[in-house]
Structures are given as C-alpha cells and as structure tokens.
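Only one structure is covered here, and it is reproduced in the block below.
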Amino acid sequence: MGVLFSSPQVEFEIIRDKWLEGVAELGRKGVFVGGTSVTSFESKFAQYIGTGQAIGVGNGTDALYLTLKGLGIGPGDEVITAANTFIATVEAIHHTGAMPVLVDCEPDTYLLNVEQAKAAVTTRTKAIIPVHLYGQMVDLSELTVWAEKRNIAIVEDSAQAAGARMNGQMAGSIGTAGCFSYYPDKNLGALGDGGGITTSSNSLASVIKKLRNHGGEVRYQHEIPGFNSRLDPMQAIALELKLAYLDSWSAKRREAASMYEHHLHGIGGIVLPKHRNDESHVFHLYIVRVESEVRDKLRKQLQKKGILTAVHYPKPVHRTAAFSYLPYDEGTFQNAEKYAEEIISLPMNISVTEEQIGQIAQEIQAVLGKVQV
C-alpha cells in the first residue's frame with residue numbers, strides 16, 4: 001500500500017476542468033501578468049480572512065520580507081520569532097538587515113513561547129513574528145494588546161495555517177499583517193509558487209503594493225526602490241477555485257487527526273500533538289514524537305511499506321550553517337533542539353483514509369512495541 005504524504009495532485013483533479021477553462025480565457029485575452037484573475041482572488045481572500053486587503057506576491061518568503069520592508073524594518077532593528085520555524089521566516093528578517101532574535105517553543109504545542117518573546121523585547125525590537133506552526137494558531141489575544149502599547153508590529157506567519165480560526169478570528173487577521181505561502185502542498189496551495197499578505201492597514205498595503213511591483217502601483221511611476229514579486233494569474237485562478245473548498249478540506253484534515261489519535265492512542269513511546277480540539281488547528285502537518293534513537297528506524301520501516309514521512313524541521317534555525325552567526329550556543333533552546341531529534345511528520349492530506357491511518361498505526365506499533373495496558 002502507498003500512502004501520499006501530501007496530495008496536491010488530488011486537489012488539482014478537483015479543480016482541473018475549471019482551472020483549464022480559466023487559463024484558456026487568460027490565453028485568449030493575453031493577460032499573463034496581473035489582471036482581474038489576481039484582483040478577484042485578492043478580493044475574495046481578504047473577505048475570507050476578514051481583513052481590508054489581501055496582496056498577492058511571488059511566494060511566502062517574499063510575503064514576510066515585503067511586509068517587514070513595508071513596516072520600515074532594517075539595519076539596527078530586531079525582530080523576534082521562533083527558533084523552530086522554517087528557515088524562510090528568519091531569512092526574511094535577515095535580508096532586511098535587521099537582527100533575528102529567536103526564542104524557544106512551548107513544550108507541548110511546539111508554538112512560540114509568548115512569555116519568552118515578551119522577555120526578549122529590547123528598545124530595538126520592531127516586530128514579533130509568531131508562527132502558526134504545523135497549522136495551529138498561536139494565541140495572540142493578549143500579545144497583540146501588549147505589543148501595540150509598545151509600538152511593536154505583530155506579523156503572523158500564517159504560511160501553514162490558511163483557514164484556521166480562533167475566537168472568531170482567522171489566522172492572518174489578528175496582527176498588523178498576516179503572511180501566507182501558497183506553495184502547492186499548503187492547505188491553500190497553488191500549482192506552483194505563490195504568496196499573499198493580509199492587512200487592514202491601508203498605509204502598509206499601499207507600500208507593499210509598490211514594493212512588489214518595482215516601487216509603484218502605476219506602470220513606470222517608481223516612487224520607491226522596489227522588487228518584482230507578483231502573484232501569477234494562473235496561480236490566482238487555482239487559488240480562487242480552491243478557496244471555495246478550504247473550510248471543507250480543513251474539516252477533513254481535522255477528521256484525519258482524530259483518526260490518528262484513535263489509532264495511535266495507547267501505543268507506548270509516541271507523543272501525539274496537543275491542540276484545542278477546535279478550528280484553531282488545520283493540521284497542515286501531523287507531527288508526532290518518538291525517541292531520537294528509533295526515529296530513523298521507524299521512518300525506514302514505514303517507507304518500506306510505501307508510507308512516506310518527513311521531518312519538519314531537522315535543525316532549529318540557530319543550528320543551521322546559514323544562521324550560525326547568531327549568538328546562540330547549542331542548548332540555548334532546549335525544547336526546539338530536543339524535538340528536532342524526535343519529530344516525525346506522518347501523512348496528512350484530504351485523501352488519507354481511516355484504513356490507511358490504521359495501517360500506519362500498526363506499523364508504528366510493530367516498531368515501538370506492544371500497546372500499553
């Protein structure tokens with residue numbers, strides 16, 4: 001039996017005919033950059049998230065970078081984020097010229113430790129980037145109020161959490177801005193690269209729209225030095241079609257997570273993810289932990305059975321060669337460093353079945369030992 005780790009190809013088949021019709025229409029019009037396909041999706045996504053504006057950009061990394069640039073962040077500034085995020089979060093900070101300041105994750109949810117983030121604030125802190133990691137939202141209800149009093153921007157890294165909602169608010173609608181990746185395997189994924197920014201700040205949106213398009217919203221009117229980071233209209237067509245399915249797909253992912261909990265419950269030597277049992281987790285990834293000594297053995301056994309797994313992420317940011325210049329010794333972030341040796345991402349997508357999850361559980365039990373009584 002083979003089990004897909006993610007399922008962009010399954011999602012493609014669902015939207016295929018309408019997407020091809022949309023692309024054919026683009027071809028007839030000859031509008032291959034910008035146009036109504038992009039503005040239509042931006043409008044619908046802003047409405048879905050509940051922000052005044054949504055701005056399409058080239059990819060999720062650009063979404064973070066352009067947002068920080070739009071906030072005026074640069075050399076001499078500091079931006080706080082999680083040590084256990086995907087490296088793109090910290091790359092975006094680095095390339096503004098600001099200093100990335102890392103904090104550890106919570107021991108049970110793997111989310112940013114908010115109290116440590118607050119403690120890391122200095123007079124140079126201009127922004128905090130809470131990462132809604134693996135699809136689960138950081139509780140920002142108190143942090144946003146705290147940060148606003150100190151004139152610190154909250155930039156939500158919502159790359160993995162499109163569709164998550166907490167206390168009636170969507171991921172990407174709570175902070176100063178939300179940043180999304182539309183990479184194909186994301187919960188709202190394009191058929192190639194793509195990214196988006198949501199905000200209700202018209203002034204910030206105006207700057208970002210200029211930055212993404214060579215410094216001006218009108219062709220050949222270059223008001224500031226900009227970049228070239230635009231959402232492709234063919235991707236926008238796919239994203240608008242998929243957006244209509246996002247809530248039902250999120251429900252399927254939560255159902256799959258419940259199936260995992262049912263089948264993995266009671267197996268010794270495995271730690272299941274902690275969550276709030278509500279819509280604040282959309283399970284972009286389903287992460288479990290095992291002892292580091294058996295992780296590779298378990299992954300190889302699953303692979304032999306056609307069950308693909310992954311590790312998100314093998315090293316915390318400060319242990320990568322790229323960011324070895326940061327002033328953090330090994331052991332600084334104990335949770336992030338320990339968990340990087342133990343985490344496994346199991347197959348999670350809209351097409352995984354209970355039968356497949358049951359077999360995955362059997363294979364895990366065969367490696368880890370008998371069910372605890």
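Taken together, the values in this text are just the output of simple stated rules run on the coordinates, not laboratory data. Because the structure is predicted, anything quoted here is derived from the model rather than measured. In this analysis, Cβ positions are derived from the backbone assuming ideal geometry, glycine residues included, and neighbour counts consider all displayed protein chains.
Things worth noting here:
- Put simply, the amide H of residue 165, placed in the peptide plane, has neighbours under 5 Å in 171, 280, 281, leaving out anything fewer than 5 places away on its chain.
- Applied to region 83-93, the Karplus parametrisation 6.51 cos²θ - 1.76 cosθ + 1.60 on θ = phi - 60° returns per-residue 3J(HN,Hα) values of 5, 9, 7, 5, 4, 4, 4, 7, 4, 4, 5 Hz, with x for Gly and Pro.
- Amide hydrogen neighbours beyond the local backbone of residue 153, cut-off 5 Å, H modeled: 127, 128
- Label-to-label distance for residue 20 and residue 261 is 4.1 nm, based on points extended 7 Å past Cα in the beta-carbon direction.
- Estimated vicinal HN-Hα couplings, Hz - region 249-257 in sequence order (Karplus 6.51, -1.76, 1.60; Gly, Pro = x): 5, 4, 4, 4, 5, 5, 4, 4, 4
- Helix content alone sets the calculated 222 nm mean residue ellipticity of the chain: runs of n ≥ 4 DSSP H residues at -39500 (n - 2.57) each, divided across all residues, give -12000 deg cm²/dmol.
- Kirkwood radius and radius of gyration were both taken over the C-alpha atoms of region 246-368, and their ratio Rg/Rh is 1.00.
- The mean sequence distance of close C-alpha pairs (under 8 Å, at least 6 residues apart), as a share of the length of region 246-368, puts its relative contact order at 38 percent.
- Cβ-to-Cβ counts within 10 Å put 329, 296, 185, 104 in ascending order as 329, 296, 185, 104, the fewest first.
- Projection of the Cα convex hull of region 17-159, averaged over all directions and equal to a quarter of that hull's surface, yields 10.3 nm².
- For region 92-185: relative contact order, % (alpha-carbon pairs under 8 angstrom, 6 or more apart): 21
- Cα-only Debye scattering, region 220-262: base-10 log of I(q)/I(0) at q = 0.17, 0.20 Å⁻¹: -0.68, -0.76
- GNM result for the chain, Cα springs below 10 Å: residue of 50, 27, 226 fluctuating most strongly: 27
- Karplus-derived 3J(HN,Hα) values for region 32-43, using 6.51 cos²θ - 1.76 cosθ + 1.60 with θ = phi - 60°, are 9, 9, x, x, 5, 4, 6, 5, 5, 5, 4, 5 Hz; glycine and proline are entered as x.
- Candidate cross-link partners of residue 18 among the lysines, defined by an alpha-carbon separation under 28 Å and a same-chain spacing of 8 or more, comprise 29, 44, 186, 242, 252.
- Other residues lying with their Cβ under 15 Å from the Cβ of residue 324 contribute a combined charge of -2, Lys and Arg counting +1, Asp and Glu -1.
- The slack between residue 296 and residue 308, meaning 0.36 nm per residue of separation minus the straight C-alpha distance, is 3.1 nm.
- Share of Cα-Cα pairs in the chain lying beyond 29 Å, as whole percent: 42
- Relative contact order [Cα under 8 Å, 6+ residues apart], the chain, whole percent: 22
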